[in-house]
Structures are given as C-alpha cells and as structure tokens.
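One structure below.
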Amino acid sequence: MEDYLVRVIAKDAGVRGFACWTTNLVNEAAQRHETQPTATAVLGEGLIAGVLLGALLKVQQRVAIKFEGNGPIGKLVVEGDSYGRVRGYVQNPDVDLPFKLGEADTAAAIGDLGAMVVIKDLRLKDLYEGVVPLENGDIGRELNFYLNQSEQIPSAVQIGLRLDEQGQVTAAGGLLLQALPPYEIEMVRQLTDRVEEMPPVAELLHSGQTPEDLLAQIFAGIEFEILEKRPLSFQCDCSWERTRHALITLGQEEIEHLLQTEGQAEVDCHYCHNQYHFSADDLQLILLELDE
Ligand SMILES: [Zn+2]
C-alpha cells in the first residue's frame, strides 16, 4: 500500500481530522540513514509528526520540528510541507535500546530533559517559532502538548509504528484531530477523548486497518466529509546547485584548504545522504567567483 494522508472535516462538530499511512517513507528514511531499530522508530515517529504538522499548513508553507533531549539519540530534526513531502535525520543513527513492552523505547532514546522546537515558514516576514520543554520524550505526547499548550488549539494526536525482528517497519502512521473555530468545546472534548482512549494506532494499522478506518471510528455517529486523500513521500530538496551555494558560504580559505588537501570535495546531505561531488575544476571556479 502506498503512503497517503486522508483529510476529513466534521463541520457541525467543528473538528477536522487527519490520518496517515507512512510505512514506505519511514522504511526509506531508515535505509538512507542506516538506522538501528530504536533510531528507526525515533526517526519514523518524527517523520509522522512532520507529515501531520505539514498537513495543517497552507500551500507553500513549511514546518521544521526539532527534538533536542538528553537521550542517546541526540538531535531529531524533521521537515514537512503542505504537499506531503517530509525529510529528516537523527544525530545518532546507531542507537539501539532494549525494547519496552514489545515496542521500541523511543522516549528513552530522546530523553525527558530538553526541548521540542517547531519552526514554521508561513511565507510571512518572520518565521514562527514555538518551544516547549520535553515532558517524557514520547513524540506523540510531546506533539499533543505542543498543539494544546503552545498553539492553544484543542487537539489530539496519536503516532506509532511497528518493527519486525529484523528492524523493518511493518506499520507506521498517525492520527490528528483538531478543533476548527467556531467549535463547541464539549463536542471537541468528546472526540479528542476517543483518540486518547482508542488502542495504539500502530496496533490498529498493523492489524490491517486503514487511515480511513481510523477516522471512521473516531467520527462514529457524527457526520463528516472526506476532503482529500494525498500521497506522502520522503523527499529532500537538496541538489548539486544548492550544495554548491553551501560550499561558497564556507569562504575562500576553507575551499583553498579543501583543494590543497583533498583535491576535490564530497558533500553528503544530512537529510537524505545523497552525495554531491565537486572536482578540482569545480572548486577552482568557486574560488574565481569568490575572488570577483
Ligand atoms: Zn538531501
């Protein structure tokens, strides 16, 4: 099954809902970053968070989410956009902790001391930045806390994934409910409670339920409309040209040093591990440009 996100609205209840299946993009990210099982789960949950926050954006807007905790994974950075594209990385892809109750212990990998930072490019003059202290390192819970406390929009989030014994992701996805003004807080509370009371989303997806099934359960007995179903992908916007710009910002001295010591440059993208090669001639051209 391809990765996708479903967007629904329950107009009378004043609630919008999103659910996604992201198993392929999480496996692709794990392959690209050669992550160990716990790191796969952390990166995967982060990417699902990126998909869900991205779904809340308008055309051309982007969001970045950073988790900086005191756990062994170090930093988790993901970026998402309104078109269903996400990318991300963890600082330490080799983290592999003992499983807890049959699940990867992502909360321990992130840690309970630190911050979650959300940066949004809403195509305005300034970037929006929201920071919340970490509660316990559980990505779904942290996202929930952020939406309710920092953005102050009644919301409910579930994020989850399942790994098999080889560390392959067999099911990954998430669910997000959010109040849409004008709403009735009682109705919103009833629905967000349903999200919190339902079995873990990873378990439901693993048992064969689809994102549509999850939403149908949440909105049972309430009129809702499916607005959109859109594909999701792991996609990085790096390129040789962009990498060249990044090299230029290193400055003349650094590039001369590279040229003398390596005779070339290999640049690896943090987000996707695509490699970009710059020959001695390429570097000489950059130096000429810097000299002008
Ligand atoms: Zn890249």
What is the spin-label model distance, in nm, from GLU197 to LEU250 if the labels are put 7 Å beyond Cα along the C-beta direction?
5.8 nm
Hey, what do the phi angles of the stretch 76-81 turn into as Karplus ³J(HN,Hα) couplings, whole Hz, using 6.51/-1.76/1.60 and θ = phi - 60°, x for Gly and Pro?
10, 10, 10, 10, x, 9
Where Rh is the Kirkwood radius over Cα pairs, Rg/Rh for the stretch 7-64:
1.09
C-alpha long axis of helix 37-55 to longest principal axis of the chain, angle in °:
70 degrees
Relative to a virtual label point 7 Å from the Cα of LEU287 in the Cα→beta-carbon direction, which members of the stretch 233-275 show backbone nitrogen distances below 20 Å?
244-267
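Quick check for me: using +1 on Lys/Arg Cβ and -1 on Asp/Glu Cβ, what's the dipole size of the stretch 230-287 about its Cα centre, in debye to the nearest 20? Mind showing how you got there, number by number?
Values: 3 positive and 10 negative charges, 82 e Å.
The dipole magnitude comes to about 400 debye.
How much of the DSSP beta bridge set in the chain is antiparallel, as a percent to the nearest 5? Walk me through the numbers on the way to the answer.
Working: 60 of 62 bridges.
Once the DSSP bridges in the chain are tallied, antiparallel ones form about 95 percent.
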Efficiency of FRET from Cβ geometry, GLU228 and GLN31, R₀ 35 Å, rounded to 0.05
0.75
Once Lys and Arg get +1 and Asp and Glu get -1 on their Cβ, which of ILE110, GLN217, LEU180 lies farthest toward the positive end of the dipole of the stretch 4-234?
LEU180
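Which net charge results when you count Lys and Arg as +1 and Asp and Glu as -1 among the other residues whose beta-carbon is under 14 Å from that of VAL117?
Working: positive: LYS66, LYS75, LYS120; negative: GLU68, GLU79, ASP121, GLU129, GLU142, GLU151.
Spelling it out: positives minus negatives among the neighbours equals -3.
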In debye, nearest 20, what is the charge dipole magnitude of the chain about its Cα centre with +1 on Lys and Arg Cβ and -1 on Asp and Glu Cβ, if you could check?
960 debye
Assertion target for SER82, SER207, ordered by fewest C-beta neighbours within 10 angstrom first, is SER207, SER82
Taking the square root of 5λ for each eigenvalue of the C-alpha gyration tensor of the stretch 4-234, the equivalent ellipsoid has semi-axes, largest first and in whole angstrom, of 26, 20, 16
What nm distance separates the two modelled labels at ALA216 and THR261, each placed 7 Å from Cα along Cα→Cβ?
6.0 nm
Which one, VAL77, LEU5, GLN60, projects farthest toward the positive side of the charge dipole computed for the stretch 1-92 from Cβ point charges (K/R +1, D/E -1)?
GLN60
Ranked by Cβ crowding within 10 angstrom, fewest neighbours first, how are GLU225, GLU79, GLU184, GLU45 ordered?
GLU225, GLU184, GLU79, GLU45
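Compute the relative contact order of the stretch 4-234 as a whole-number percentage, counting only Cα pairs closer than 8 Å that sit 6 or more residues apart in sequence. Walk me through the intermediate numbers first.
On the way: 554 pairs, mean separation 66.0, N = 231.
For the stretch 4-234, the relative contact order is 29 percent.
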For the chain, cysteines with no other Cys Cβ under 4.7 Å from their own Cβ are listed as CYS20
Test of understanding: given the chain, find the longest segment containing no trypsin sites (Lys or Arg not before Pro) that are in a DSSP loop and have at most 16 other Cβ atoms within 10 Å.
126-292
Ranked THR40, THR22, THR261, criterion: other C-beta atoms within 10 Å, fewest first:
THR261, THR40, THR22
Reciprocal of mean inverse Cα separation for the stretch 75-140 (Kirkwood radius, Å):
14.0 Å
If the cut-off is a Cα-Cα distance under 30 Å, which lysines reach LYS229, setting aside same-chain residues fewer than 8 apart in sequence?
LYS11, LYS58, LYS66, LYS120
Report the label-to-label distance for LEU122 and ASP164 in nanometres (one decimal), using points 7 Å from each Cα along the Cα→Cβ vector.
4.4 nm
Identify all aspartates and glutamates with a Cα-Cα distance to LYS125 below 17 Å; exclude those on the same chain that are fewer than 8 residues away in sequence.
none
Please report, to two decimal places, log10 I(q)/I(0) for the stretch 240-291 at q = 0.27, 0.30 Å⁻¹ as given by the Debye formula with identical point scatterers on the Cα atoms and no solvent.
-1.10, -1.29
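Rule-based calculations on the coordinates, nothing more; no lab input. Everything quoted here is computed from the prediction, not taken from an experiment. As a convention, Cβ positions derive from the backbone with ideal geometry for all residues, glycine included, and neighbour counts pool all protein chains shown.
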